[in-house]
Amino acid sequence: MELEKSYNAKEAESKHYQRWEAQGCFAPEINQNPDAKPFSIVIPPPNVTGSLHMGHALQHTIMDVLTRWKRMQGFKTLWLPGTDHAGISVQRKVVEQLGKDERKKPQDIGREAFTQRAWAWKEQFGNTITEQMRREGASVDWSRERFTMDESLSKAVREVFCTLYEEGSIYRGKRMINWCPNDKTVISDLEVSEEKKKGKLTYLIYPIEGSDKTLTVATTRPETMLGDTAVAVNPNDERYRDIIGKFVLLPLTNRKIPIIADEYVDLEFGTGCVKITPAHDPNDYEIGLRHNLEQILILNNDGTLNENAGAEFAGMDRFKARAKVIEDFETLGLLEKQDDYEITLPVCERCKTVIEPMVSEQWFCKMDGMRDMALDLMKNENLPHFSPQVPHEKVYTTWLENLKDWTISRQLWWGHQIPAWYDEAGNTFVARTYEAAKTQANSDNLTQDEDVLDTWFSSALWAFSTFGWNGEVTETDDLNDFCPTDVLVTGRDIIFLWVSRMMMTTKKFVNKTAFKDVIITGTVLGKDGKPMSKSRKNGVDPLEMFDKYGVDATRIYLASIASGADIRWNDLQIETYRNFSNKIWNATRFCLLNSEGATVDPESLKLSDDDSIADKWIISRLNKTANAVNTALERYHFHEAVRLLYQFFWNDFCDWYIELVKDEITFSSNNVSDDEDDLSIWANSEKQTKAKTRIVTIIEQSLRLLHPFMPYLTEELWGFLPATGSHLHNSAYSNADATIMLADYPKDGNIDEKAESEMQSVIDLISRVRNIRAELSIKPAEKVEIHAACNADLQQVFRENEAQILKLARANTLTLGETLNVPKASAKAVMQGAEIAVPLEGLIDFAKERERLENQINKLNVELGQLNGQLNNENFVAKAPVEKVQDLRDRVAEIENQTQTLNKTIEALK
RNA sequence: GGGCUUAUAUGUCAAUUGGUAGACAGCUUCCCUUACAAGGAAGAGGUUAGGGGUUCGAGUCCCUUUGAGCCCACCA
């Protein structure tokens, strides 16, 4: 059969995914080996609001490479997919839609109607990313797809909540929290980020009661003075010792507030006097508690001020109120000054709205117990094992050690509503169901808490809730088989938000380690070296790359940069792998054009003595590559695996092996029809079929090795190869329909170092002659004569490969001997163990040739200088390992030998 | 303020426990040689950011300066 001249990625991509899925190849049940070891990964569930970005593509590639690799090795493999309900994001989308389509607010339609719409939104738009994953070729088991708000997962959430409540870890209380006035909900510390801005430090003058003295406080948020309930000074501050215990008349309000002493105040900063707003500042909150200060809440949920701020300010936006406070102080002559000041604002991680710290009644979760479990795992068993190891283990541990209570309630409607009910008297009943709550309360008249749980609360359970655990069901086959999962692949941004919490909850609720290894991927940066973002417009869309270069090229490129460090996107690199796809396609195409009578037969890779050096060499190289690729993958060195495969396939197999055996393989197909009776051709035929079988088998093995990285291309080509079928499957899949994704992953082949070094000599010889040709500008059509002087063994090697040497070096004759016997007008070269000459009567320019040789001597001399530098160092000779020293001495001898030869040659040319 | 990462060829990146720097792309020269011009052959190109130290030997370990980036805490 004959393939198209170049690889059409789209065509291959459209063919195989559905079939794989339909045949159940992605599900662990495909594995028929009852003793198969499990291998499992749970996907970090992408938000239903999301669409695929480069970070996903990178992580999915890594997960798929591991999954496909392990599956081919015969593991009972599960990569479990799913999505996250993404509370705030979905809520915002639905609010937006409601406003646009119907000009309504959520309150207008009520909670039930709103959540119905959210579900509808999820049904309609929520599978964008899962569809995109199909395009990626992700071999996830869709039959086990989960969503964080599935019934069973929701049940798990209630179970965990209730258990933690019952043991006193979850509690409700008024605490200082982070409020997002835009999303109108509390958010946890981890969801707050920072923004540096130029701002003002404003100095406000407060009159002291019963005197004409004043004091000055400095603030970056002047409007909060409306909620001040004290002024604090340091007890050791000489300047203010006499006013401690007195009162300040707070301007713009009619309040009298105490001047208190607290160590917290920094004598050096500002004026040394600090206004204290316990309801709106974390530090002031603490001071307020110590001094029993009143908390005056002056903000509404939307960031406007409330009645507590006074009639003039009520309903006013916080930033307008800030301006007005400053203005009013100025009018009163109480504004001392305003300094330029760089301030770091806490902002909502998602919407970048400035966060207001405030006191609010929320649900919290104490983490101490679970935290200690996770710390013990790390301390005693070094779990999870991070890759790359440093610094993540240390960061993880330190973070756990300093863990504070987690604010778990959110003022949203989309999510898991908190399973707490209140009776008319305000008593709280936490229960797994409404029915149970009613029984507890002994009342039918209960109202459920309006809040939902932080989205990360359900994500935290992902490593076991997805396997069927929900409190009622606590043992499932999947839980037994697949938890702990083997490896988690994620970015470093959610080590705290997600990774640590999964470790904690999984240990606590199913007494297992969520995952043994954690691969922390680097960030894919834009071409400008900055993280990809919409605002920077430096994003690269994976789908565009799929269209432009093909899914496989994109995947193997992503794998080639997956070393753990951040990586800058580079179109040129991905093009290399597009070319690589084409190279694989065409190498296969060549073999197929000459595959008459051949079959894919792994037996053909077993060597016998009459096999040629080239055959021994390529099989050794193949085996070495397979071994190294397996090792690299075990270490999660994806870039190294890719490099090995690329080098083997392109350099060893295409550049050398195909060229070496080309004549042998193409011979009869060109000639047999011309002269069918020629006995020598028939004599050649069996040998040739063997050669053809061997080369298609090597291709087949290469495709297997490449399959985890390039699933579509390899599947497409595998199907074209002669006699591929389920008999090539790993034994765990012998009954399944034929596909490369179930073929046995190559490993543990024999390595023949002697053949490798002999072949290297052949390659060196050809390269030397080619170098002479290129540097002396000998026309490609011009055939040369090659003379080589070397020992008998090497002569034998060259003789065995004479045909190939003549062809690849474009020569007529190869003359071998112990010494060279050539005319003066010859170009010469040296290599390890041999001296080479190419007679060039009439073609050689002696001056040019001398220059060429001197160049080579210079290169050798540089190396010699380095080596002698070391060898002349007595300490080196005394202390370095003996083998090392001997290696250098051998090399020096070799160089001296070669240099001598070259010098003689130069002399002869004079 | 505390901690961490990083600096290697023109570009993007590699380099096992310290053993004397590689790949791809680009560049130069030549070639449409019946698998592939998305190709082939041959080349040039590096005081591994600067300085110091440990060592027989440092891209690799230690100190330091400078540049880039990240995390945590705090900032009246």
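The values are calculated or read from the model by the stated rules, or taken from the named source; none is laboratory data. Because the structure is a prediction, the values reported are computed rather than measured. FYI the Cβ positions are ideal-geometry reconstructions off the backbone, even for glycines, and counts take in every protein chain you see. Keep in mind that these areas ignore ligands, DNA and RNA; they rest on the heavy atoms of the full protein, side chains included. Shrake-Rupley method; radii C 1.70, N 1.55, O 1.52, S 1.80 Å.
Here is the list for the stretch A:687-756: trypsin sites (Lys or Arg not before Pro) lying in DSSP coil, each with at most 16 other C-beta atoms within 10 angstrom of its C-beta, are A:747. Averaging the Cα positions of each part gives two centres, and for the stretch A:408-447 and the stretch A:249-294 these lie 38 Å apart. At a probe radius of 1.4 angstrom, the accessible area of chain A per residue rounds to 45 square angstrom. Enumerate the residues in the stretch A:864-881 having an amide nitrogen under 16 Å from the point lying 7 Å beyond the Cα of residue A:894 toward its Cβ. Counting backbone N atoms under 16 Å from the label point, the list is A:864-868. Using the Cβ of residue A:617 as centre and a radius below 11 Å, the other residues enclosed give a net charge of -3, where K and R count +1 and D and E count -1. Taking trypsin sites (Lys or Arg not before Pro) across the stretch A:777-829, the ones in a DSSP loop with at most 14 further Cβ atoms lying within 10 angstrom of their Cβ are A:783, A:824.
First compute the accessible area of chain A with a 1.4 Å probe, then give the percent of it belonging to carbon and sulfur atoms. Mind showing how you got there, number by number?
On the way: 18550 of 40700 Å².
For chain A, the apolar C and S fraction of the accessible surface comes to 46 percent.
Can you return the aspartates and glutamates within cross-link range of residue A:527? Criterion is Cα-Cα under 14 Å, with same-chain partners fewer than 8 residues away left out. Within the straight-line limit of under 14 Å, residue A:527 reaches these aspartates and glutamates: A:541, A:566, A:571.
Is the stretch A:474-602 rounded, prolate or oblate when judged by the Cα gyration tensor, a ≥ b ≥ c being the square roots of its eigenvalues, rounded requiring a/c under 1.5 and prolate requiring a/b larger than b/c?
Working: a/c = 3.52, a/b = 1.36, b/c = 2.58.
It is oblate, given that a/c is not under 1.5 and a/b is not larger than b/c.
Does the stretch A:192-348 come out rounded, prolate or oblate, given a ≥ b ≥ c as the square roots of the eigenvalues of its C-alpha gyration tensor, rounded meaning a/c under 1.5 and, failing that, prolate meaning a/b above b/c? Rounded, because the longest to shortest axis ratio a/c is under 1.5.
Report, in listed order, any pair from A:37/A:512; A:320/A:534; A:197/A:275; A:70/A:379; A:70/A:507; A:352/A:530 with a Cα-Cα distance greater than 24 Å. Walk me through the numbers before you get to the answer.
Details: A:37/A:512 18 Å; A:320/A:534 30 Å; A:197/A:275 22 Å; A:70/A:379 29 Å; A:70/A:507 26 Å; A:352/A:530 19 Å.
Listed pairs above 24 Å: A:320/A:534; A:70/A:379; A:70/A:507.
Shown here for the stretch A:840-910: GluC sites (Glu not before Pro) in loop regions (DSSP other than H, G, I, E, B) with at most 11 other Cβ atoms within 10 Å, namely A:841.
Run lengths n ≥ 4 of DSSP H only: what is the helix-derived mean residue ellipticity at 222 nm for chain A, with -39500 (n - 2.57) per run over all residues, to the nearest 500?
Working: 29 runs with 397 residues, N = 910.
It comes out at -14000 deg cm²/dmol, rounded to the nearest 500.
Amide H contacts under 5 Å for residue A:416: A:453, restricted to partners 5 or more places along the chain or on a different chain, H placed in the peptide plane at 1.01 Å from N. Amide H to amide H, with H built 1.01 Å from N, residue A:230 comes under 5 Å of A:276, counting only residues 5 or more places away or on other chains.
How high is the relative contact order of the stretch A:447-528? Use alpha-carbon pairs under 8 Å, at least six apart in sequence, and give a whole percent. Intermediate values should be presented prior to the final figure.
Numbers: 87 pairs, mean separation 27.0, N = 82.
Across the stretch A:447-528, relative contact order equals 33 percent.
Once you list every other residue whose beta carbon is under 12 Å from the beta carbon of residue A:157, what net charge do they have if Lys and Arg are +1 and Asp and Glu are -1? If you can, show how the numbers build up before the last one.
Working: positive: A:155, A:158, A:432; negative: A:150, A:151, A:159, A:454.
Overall, the nearby charge balance is -1.
Counting only residues at least eight positions apart within a chain, or on another chain, the aspartates and glutamates with an alpha carbon under 15 Å from that of residue A:184 are A:96, A:302, A:317, A:349, A:356, A:361, A:450, A:451, A:454. Within the shell of other residues whose beta carbon sits under 12 angstrom from the beta carbon of residue A:396, the net charge comes to +3, with Lys and Arg scored +1 and Asp and Glu -1. Of the whole protein surface, residue A:249 contributes about 80 Å² of accessible area at a 1.4 Å probe radius.
At a 10 angstrom cut-off on C-beta neighbours, averaged per residue, how do the peptides A:158-165, A:406-413 rank from highest to lowest?
A:406-413, A:158-165
From the cross-link list A:256/A:404; A:807/A:904; A:196/A:537; A:404/A:537; A:174/A:516; A:174/A:404, which pairs have alpha carbons spaced over 27 Å apart? As for pairs spanning more than 27 Å Cα to Cα, those are A:256/A:404; A:807/A:904; A:404/A:537; A:174/A:516.
Working from label points 7 Å from Cα in the Cα-to-Cβ sense, the residue A:832 to residue A:854 distance is 3.0 nm. Mind running the shape call on the stretch A:438-530? Use the C-alpha gyration tensor, a ≥ b ≥ c as the square roots of the eigenvalues: rounded below 1.5 for a/c, prolate if a/b tops b/c, oblate otherwise. Here the stretch A:438-530 falls in the oblate category. For chain A, the relative contact order comes to 13 percent (Cα pairs under 8 Å, sequence separation of at least 6).
For chain A, the antiparallel share of DSSP beta bridges with both residues in that region comes to about 70%. Using C-alpha pairs below 8 Å separated by at least 6 residues, the relative contact order for the stretch A:470-623 is 17 percent.
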